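Enquirer: Next up is a structure, given as structure tokens.
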């Protein structure tokens, strides 16, 4: 019969239409169906009924921890009254070398005597060129560059707003722990592991007794990390 498929499709649409209003009534006493984080989680789950539209920007889907967007520079937690602390970046330039679209530009700092200082004086990333691949963060030997979760970067002024400088890129380590708690904890455990391994090697060179079999990082920590040879 011609038109049967159309009728079936309209029936599905009508079902969702009615179910949406029934779900609205269900959520009235629970804070409403819209602009409610609890209701949004249900609407986006397998238990969702009716229309599942997300009313962006008032409503936003939660960002997965491994989501990656424009990189940012990690600093120590800032002292009172400051935005960030000491830079982790040593301006070694590895991130700029491995960047496929070559969107990173670094100027190393200088000491008063003219010798290079292991800190970036200037650091720029052109976010219009950045392909968000994450290679800069993966290859950084000091965990000084991470992939951000902030994707709302559109603007009408490319020349100033889309070329991020060091001031805009710098964020404290507490921010990274907030947006990626599992990965940040795994990286902290890995850094402690590496430092402990260095201490054991130093003790062996000093003639101290071997403590036994070399320890390994737990599997749950390794799963949170990119490949890093020194962790294995």
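Read-outs throughout are calculated quantities, based only on the coordinates presented, and are distinct from any laboratory measurement. Just so we're clear, the structure is a prediction, and the values are computed from it rather than from any experiment. Neighbour counts are summed over all protein chains in view; Cβ atoms, including those assigned to glycine, are modelled from backbone coordinates with ideal geometry.
Enquirer: Can you work out the FRET efficiency for the pair residue 152 and residue 29, with r the C-beta to C-beta distance and R0 = 41 Å, to the nearest 0.05? Please list the in-between numbers first.
Expert: Details: r = 33 Å, r/R0 = 0.80.
Efficiency, rounded to the nearest 0.05: 0.80.
Enquirer: Counting only C-alpha contacts under 8 Å and six or more residues apart, can you give the relative contact order of the range 1-61 as a whole percent?
Expert: Result for the range 1-61 is 32 percent.
Enquirer: Give me the distance in nm between label points sitting 7 Å out from Cα along the Cα-to-Cβ direction at residue 67 and residue 142, one decimal.
Expert: The two pseudo-label positions are separated by 2.9 nm.
Enquirer: Normalised by the number of residues in the chain, what is the relative contact order in percent for Cα pairs under 8 Å and 6+ residues apart? Each step should come with its number before you reach the end.
Expert: Numbers: 279 pairs, mean separation 40.3, N = 232.
Relative contact order here is 17 percent.
Enquirer: Considering only C-alpha atoms, what is the centroid distance from the range 120-195 to the range 1-61, in Å?
Expert: For the range 120-195 versus the range 1-61, the Cα centre distance is 37 Å.
Enquirer: When only C-alpha pairs under 8 Å and at least 6 residues apart count, what is the relative contact order of the range 71-174, in percent? Please report the intermediate quantities before stating the final value.
Expert: Numbers: 186 pairs, mean separation 38.5, N = 104.
Relative contact order for the range 71-174 comes out at 37 percent.
Enquirer: Grab the Cα-Cα distance for residue 163 and residue 205, subtract it from 0.36 nm times how many residues apart they are, and report the gain in nm with one decimal. Provide the component values of the computation, followed by the final result.
Expert: Numbers: separation 42, 0.36 × 42 = 15.12 nm, distance 4.84 nm.
In short, 10.3 nm is gained.
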